[in-house]
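**Q** My questions all concern the structure below.
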Amino acid sequence: MTVDLDQTPLRYGGAYDELSADGVTPRAHWAHLIESFRAIGPEELGRRWNRAERRIRENGITYNIYSDPLGANRPWKIDVVPFLIPSDEWRFIEAGIVQRAQLLSLVLEDLYGPQRLIAEGHFPAALLYANPAFLRPLVGVRVPAHSYLQMLAVDLARSPDGKWWVLADRTQAPSGSGYALENRTIVSDVLPDLFRTSNVLRLAPFFRAQREALTSLSQKDNPRIVLLTPGPHNETYFEHSYIARYLGFTLVEGADLTVRDRCVYLKTVDGLEQIDVILRRVDDSFCDPLELRSESLLGVPGLVDAIVAGNVQVANALGSGVIETAAVMPFLPGLSRHLLGENLKLPSVATWWCGQSYALDWVLNNLDTVVVKPAFPSRGIEPVFGAEIPAAEKRKFADQMRARPYEYVAQEQVTLSTAPVWEHGHLDARSVVLRAYVLNTGSGWIAIPGGLVRVAESEEAADGAGKGPVVSMQRGGHSKDAWVLWDSPVDTFSMLRPRGEPIDLSRVERAVPSSVADNVFWLGRYVERAENIARLARTMISRIRRADKAELGCLLRLHGCLESRYSKLPKARGKRLNAIALEKELVSLLIDPKRPDSLVSTLGEVSRVGGNVRERLSADMTFLIGKLRDSVQIESRTQFLEYPAILTNCLELLSAFSGMERENINRGSGWLFMSLGRRLERAIFLARQLREVTTPLAEEDWPLLECLLEVADSSMAYRTRYYTTLQPLALLNVLMVDQKNPRSLDFQLSHLEELYEKLPRHAREDVKAMREALELLRAIDLCKLSYPLPGASVESIAASGTSGLARLEKFLRELEILLPSWSNNLSSRYFSHARTLPITIGQ
């Protein structure tokens, strides 16, 4: 049911929901909000919300739904109507979730310690030892008591009769608190007067306590704390980035960390920095590929050993996921009485672990009323609604459960209460689930006031089978801010600096993680590589249809500058090359997604590495990278001669990227590595091009000179100096030793040396090698080189001598070896922090 704001009394769906006992009047604590909405009016509320949605897009607030084509670029969805919780109701919830956190923490300490609960029969041994989340390498490892379960997330549902139930416990890497904070920021900005007059409990004291609790895990006065994230493709990556900035921690991925001498270090461009505390958002088994899940690319090899040595603290402690299973729920009431001496205040939804024979029998006899889930989610078993199993399949399903009963858990189907949402200019009703958070401060437990409210996309059954709405962000749901309406003065502390308060000015750059430097370095290389491919392909396509045999040979030599290992051209010697074969090769070079060196694959790499550092790029540059990714989407009906226009559009976007790199990026370490990548890639490609001129050209091969100038975007620079007369030595002068031409080899090498010397901890031997290469290049006297003119006889060529060209060719080949070796040393020193090897030229 929906209702306009002007309708009185207010009505919306649900038997209990947010209505009084008469089923018509809103509950008392909603009255102020409803009157405020009526005062604002639908039009003004719509305008405010449009501004908020624009802010969400501009700030890059995203949530990655894996099945959504937008992927990591899907904007976060939030409802303008907050979920209101009165003070008496919140006190009941808070007491229940704090008690639950205390209980689960004690259970964890025992399972990884003396295991008395198993010995005394309070916890089933099969539920522990069959659980893949039980990490045996961590048994007996001493950790601070408040890091076992430093934070707990509890999913709560209210039934239509007003009772609160626990749906699930998130114990290993609970997510969502950052989204709750962002929701508060957005909604309080849209409804400032309502927020100020509603006496809402603030969230900032919770996050202040979290920062202090993490700091207290280390014995150091100023510990180094990092937030470990799975990376940009994780569904909640925005939250990881947001929380890290809010708490003042460094956001890192597993590749950013290394273990040396049983200590964990952060790899930065300034060197290794020891880490004291890790706030992790990576699941247990993925945290260490040496000790735990060997195929993991998200963790830190050797992390478990560093934990065992006591040199790093991790919150939540590794192994805490062992009690995240719903199969633990049936045992919590008994455990509460045994460990706490009190009854469980907040009940769990009715749950049966089928590892117990009586529970299995009950579930099989009442299959139509329950949903069967995996006891251990990592097993990959999908939840099954008993009522939906065809009659012919029920016997088979029952046999599967009897064969491995300990792998199944059953829960009753819960009917969720609804709350009002703002949709299309009126209020509507949606089912909601509240995720509350509890923090162990070391001296006690505190709960975040409210939490993250998740809202069903619609009230219709997900599949029409009548099982009710599904509340899941991965299935298109959205979120709400939760307001706890307090009955006494609230703490107005904020971790955000007031706009009018002066800030301390600083020009000191924060440490740049090695993975960031690595990504921007390769972003520069891939952008330059894409430009090289696009310019070369455009030059060839414009000539291939009118090329005679000699010109075709020139185009083939030009194509050889790519040194492609994936070329589609015939490799057999003596096999005649024709224009059709070259055309097919160019099409493959441009649009074959399975070919690693194709233009479309290279632009895909630009998008990938750009996405890895998108929080460090401007919105304009991120937008431009997206446009580049889609700039070469060539359809099957596209004609071959239409390709140059497509490539020109791509090159325009690449030129825009170059302009942004020079004018829009702060000249810090990130820019240095991006520029180094571009100069290095351009120098390698130039060396290959120039090598084509070191072999005396026959008269029919001289058109190659025009192609080389066009690919190097130096035709105008050449003509302003030499007009239309093409000469190999003049080309070498423009593309090799001209110190003012930004496309010359000299320009690249001199800038590589200059940029590298600005890096911290640069290696003197690498600077020396680059300087020697530059000196050798500048020692080449083109005036003393003897280059045979077209039509010269074999005798005159032999008499003139070409030893100078041979030495130049040798120098260029050695430079092609030196530059990748120099790049490897750069990677070893700044990215992987491994030992570097000496490099020289001219030996």
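The values are calculated or read from the model by the stated rules, or taken from the named source; none is laboratory data. Since the structure is predicted, the reported quantities are computational estimates derived from the model, not experimental observations. Please note: Cβ atoms are built from the backbone with ideal geometry, for glycine as well, and neighbour counts cover all protein chains shown. For accessibility, only protein heavy atoms count, side chains too; no ligands or nucleic acids. Shrake-Rupley method; radii C 1.70, N 1.55, O 1.52, S 1.80 Å.
**Q** Here are some residues: P405, P333. Which one is at pLDDT 95 or above and in contact with a Leu (Cβ under 6 Å, 6 or more places away or on another chain)?
**A** P333
**Q** Only one residue in S714, S675 is of a type in the set (G, A, S) and in contact (Cβ under 8 Å) with a residue 40 or more places away in the chain, so which one is that?
**A** From the options S714, S675, the qualifying one is S675.
**Q** In addition: Please count how many residues of region 376-396 are among the hydrophobic types (A, V, I, L, M, F, W, C), touching a residue at least 24 places away in the same chain (Cβ under 8 Å) and surrounded by fewer than 16 Cβ atoms within 10 Å (Cβ to Cβ).
**A** 1
**Q** Across region 542-587, which residue is nearest to E635 (Cα to Cα) among those that are acidic (D, E) and either open to solvent by 30 Å² or more (accessible area, probe 1.4 Å) or modelled with pLDDT under 90 (or both)?
**A** So the residue we want is E583.
**Q** Next question. Please determine whether any residue of region 628-637 is in the same structural domain as A534 (by TED's automatic domain parsing), part of a helix (DSSP H, G or I) and charged (D, E, K, R).
**A** Looking through region 628-637, at least one residue is in the same structural domain as A534 (by TED's automatic domain parsing), part of a helix (DSSP H, G or I) and charged (D, E, K, R).
**Q** Just for region 688-702: of the residues that are in a helix (DSSP H, G or I) and open to solvent by less than 50 Å² (accessible area, probe 1.4 Å), which one is modelled with the lowest pLDDT?
**A** Step by step, filter region 688-702, then rank; the result is D701.
**Q** I'd like the residue in region 736-752 that is of a type in the set (D, E, K, R) and surrounded by fewer than 18 Cβ atoms within 10 Å (Cβ to Cβ) and, out of all such residues, is farthest from the chain's Cα centre (by Cα).
**A** For region 736-752, the residue satisfying everything is K740.
**Q** State which residue pairs qualify: first residue on the phi > 0 side of the Ramachandran plot and inside region 805-834, second residue surrounded by 17 or more Cβ atoms within 10 Å (Cβ to Cβ) in any location, beta carbons under 6 Å apart, and separation of 6 or more residues or different chains.
**A** Close Cβ pairs (under 6 Å, with a partner that is surrounded by 17 or more Cβ atoms within 10 Å (Cβ to Cβ)) amount to H833/K267.
**Q** So in region 113-154, with the set limited to residues that are under 30 Å from L452 (Cβ atoms) and not hydrophobic (A, V, I, L, M, F, W, C), which one is surrounded by the most Cβ atoms within 10 Å (Cβ to Cβ)?
**A** Looking at residues that are under 30 Å from L452 (Cβ atoms) and not hydrophobic (A, V, I, L, M, F, W, C), I get Q150.
**Q** I want to confirm something. Restricting to region 195-220 and keeping residues that are in a loop (DSSP other than H, G, I, E, B) and among the polar types (S, T, N, Q), which single residue is surrounded by the most Cβ atoms within 10 Å (Cβ to Cβ)?
**A** The residue in question is S198.
**Q** Moving on to the next point. Only one of (1) assigned to a strand (DSSP E or B); (2) among the hydroxyl-bearing types (S, T, Y); (3) in contact with a Lys or Arg (Cβ under 7 Å, 6 or more places away or on another chain) is not met by Y265, so which one is it?
**A** It fails just one condition, (3).
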